[in-house]
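Trainee: Before I ask anything, let me first share the structure, which is written out below as structure tokens.
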Amino acid sequence: MKKNNTVSLQEYNTFGVAASTPLFVEIKSSLALQEKLKDEAFKDALILGGGSNILFLADLSKPVIKISIPGIRIINETEQIAVVSAGAGVVWHDLVMWCVANNLGGIENLSLIPGLVGAAPIQNIGAYGVELSDVFYDALCINRKTGESRIFNVKDCDFGYRDSAFKNDLKDAYVVTAVRLALTKKNHNLKTNYGNVKETLAQMGITKPNIEDISKAVVQIRTNKLPDPKKLGNAGSFFKNPIVPKGECARLLLQYPNMPHYHIDSNFDKIPAGWLIEQAGFKGLKKGKVGMHDKQALVLVNYGTLYGKLLWKHAKLVMEGVEKKFGISLEPEVNLIR
Ligand code: EPU
């Protein structure tokens, strides 16, 4: 929608907040992207995917390039592995469904993660014991300055927990146009140990799950816990789960013996931010038109404001509350666009 010569971004962000851009273009191929990047007017453009991990704090002064590059296909296969290529504009869950339908294993635990394929490597999406990096083959990217294409392998991406080189050294340097995954054709490596995946499968009456069963279980868990952005604006987990030195975790455990925590390596543990936020009293608490979700405290929910900055104000209140109670600083997982 165009208003006063600006384009509304409200339908392009899953928080559903109002923000506008002076210039907006939708791109359907990497060639078209290369052309657009030559255009001086789009030099500093914001690259937008599904808008599911973004919070607009104000109207934008820069242009927006929305990536809608389609296509899913197998580009290479052996008896055991198929390499699947997906355009950056493919809806991530559609890719998962395509792989499950074609009996290609590896991303079934990542069912129903909102967003598009192009964003998946940026934050190394993960859920239920699987991260994109586990199945990542490579990504086709375009250098924003030179327009040259480059292939990034796993090493180049430097993946971490909700992290990659695209968020650090290479921030804003490249645009992902396609992602290729190495998936199993048989003897799938099923991961059912995380959270209540096993329990949910048992409730479904399944004792010997296949990848489709796991996908269904994950969809069920997510649907029960996470609000549907079409009904309630949100961007999934708003914060990262903090990774703290083991000593700090031990100190907190003395005071809160029931605090859930996960071993990361010999130096660090991870504490679920949802637990910290719940204990700090913010779970299900609504302040005006914003609040933390009542079924998963890690999800910041928009109950009807048009102002991204009100959501951010609430997030900061939550951060302060957690810092005060536990001495831990939460870090947003969602990208703030000022
Ligand atoms: N918890 C609470 N209260 C809450 C929520 C969680 O006490 O309100 C505690 C519980 O002990 C629970 C633990 O936190 O067992 C972990 O909760 P959950 O399994 O829901 O996972 P999470 O750590 O909160 C992460 C991802 C999610 C992903 C799930 C499942 C991050 C930031 N979030 O959440 O990803 O779906 O694991 O694997 O790592 C997303 O990134 O948008 C997202 C939804």
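Trainee: Go through I264, I271 for me and flag whichever is surrounded by 14 or more Cβ atoms within 10 Å (Cβ to Cβ), closer than 23 Å to N124 by Cβ and modelled with pLDDT under 95.
Mentor: Going through I264, I271 in turn, the sole match is I264.
Trainee: Considering only residues that are more than 16 Å from the ligand (Cβ to nearest atom) and not in a loop (DSSP other than H, G, I, E, B), which ones fall in the range 206-249?
Mentor: The answer is I211, E212, D213, P245, K246, G247, E248.
Trainee: Filter the range 225-251 for residues that are closer than 22 Å to K316 by Cα and among the hydrophobic types (A, V, I, L, M, F, W, C) and give the result.
Mentor: Those that are closer than 22 Å to K316 by Cα and among the hydrophobic types (A, V, I, L, M, F, W, C): L226, L232, A235, F238, F239, I243, V244.
Trainee: Further question on the same structure: Would it be correct to say that K283 is more than 17 Å from the chain's Cα centre (by Cα), more than 30 Å from L48 (Cβ to Cβ) and among the charged types (D, E, K, R)?
Mentor: yes
Trainee: Out of all the residues in the range 303-319, which are in a helix (DSSP H, G or I) and of a type in the set (V, I, T)?
Mentor: Scanning the range 303-319 gives a single hit, V318.
Trainee: Quick one: in the range 172-199, which of the residues that are surrounded by fewer than 22 Cβ atoms within 10 Å (Cβ to Cβ) and hydroxyl-bearing (S, T, Y) is modelled with the lowest pLDDT?
Mentor: Y194
Trainee: Filter the range 295-338 for residues that are in contact with an Asp or Glu (Cβ under 7 Å, 6 or more places away or on another chain) and among the charged types (D, E, K, R) and give the result.
Mentor: Correct list: empty.
Trainee: Here's a follow-up. In the set I81, I54, which member is assigned by TED's automatic domain parsing to the domain that holds K171, within 23 Å of A120 (Cα to Cα) and surrounded by 15 or more Cβ atoms within 10 Å (Cβ to Cβ)?
Mentor: I81
Trainee: Regarding A139, is this residue closer than 26 Å to F15 by Cα and crowded, with 21+ Cβ neighbours inside 10 Å?
Mentor: Spelling it out, it is not the case that A139 is closer than 26 Å to F15 by Cα and crowded, with 21+ Cβ neighbours inside 10 Å.
Trainee: Still on this structure, please answer the following. In the range 233-248, what residues are surrounded by 12 or more Cβ atoms within 10 Å (Cβ to Cβ), over 15 Å from V322 (Cβ atoms) and not aliphatic (A, V, I, L, M)?
Mentor: G233, N234, G236, K246 - these are the residues of the range 233-248 that are surrounded by 12 or more Cβ atoms within 10 Å (Cβ to Cβ), over 15 Å from V322 (Cβ atoms) and not aliphatic (A, V, I, L, M).
Trainee: While we're here: Would you please name the residue that is farthest from G129 (Cα to Cα), looking only at residues in the range 258-281 that are within 9 Å of the ligand (Cβ to nearest atom) and in contact (Cβ under 8 Å) with a residue 24 or more places away in the chain?
Mentor: Q279
Trainee: Can you find even one residue in the range 252-263 that is more than 20 Å from L112 (Cα to Cα), in contact with a strand residue (DSSP E or B) (Cβ under 7 Å, 6 or more places away or on another chain) and in a helix (DSSP H, G or I)?
Mentor: No: zero hits.
Trainee: Now for a different question. More than 16 Å from the ligand (Cβ to nearest atom), surrounded by 18 or more Cβ atoms within 10 Å (Cβ to Cβ) and not assigned by TED's automatic domain parsing to the domain that holds Q10: which single residue out of G321, G308, G304, G288 fits that description?
Mentor: Every option except G308 fails the conditions.
Trainee: I would also like to ask the following. Select, from I75, I67, the only residue that is surrounded by fewer than 15 Cβ atoms within 10 Å (Cβ to Cβ) and closer than 27 Å to R150 by Cβ.
Mentor: I75
Trainee: Considering each of Q220, Q255 in turn, give the residue that is at pLDDT 95 or above and surrounded by 13 or more Cβ atoms within 10 Å (Cβ to Cβ).
Mentor: Result: Q220 is the single residue among Q220, Q255 that is at pLDDT 95 or above and surrounded by 13 or more Cβ atoms within 10 Å (Cβ to Cβ).
The values are calculated or read from the model by the stated rules, or taken from the named source; none is laboratory data. This one's a predicted model, so the numbers in the text were calculated from it and none came from an experiment. Neighbour counts run over all protein chains shown; Cβ positions are idealised from the backbone, glycine included.
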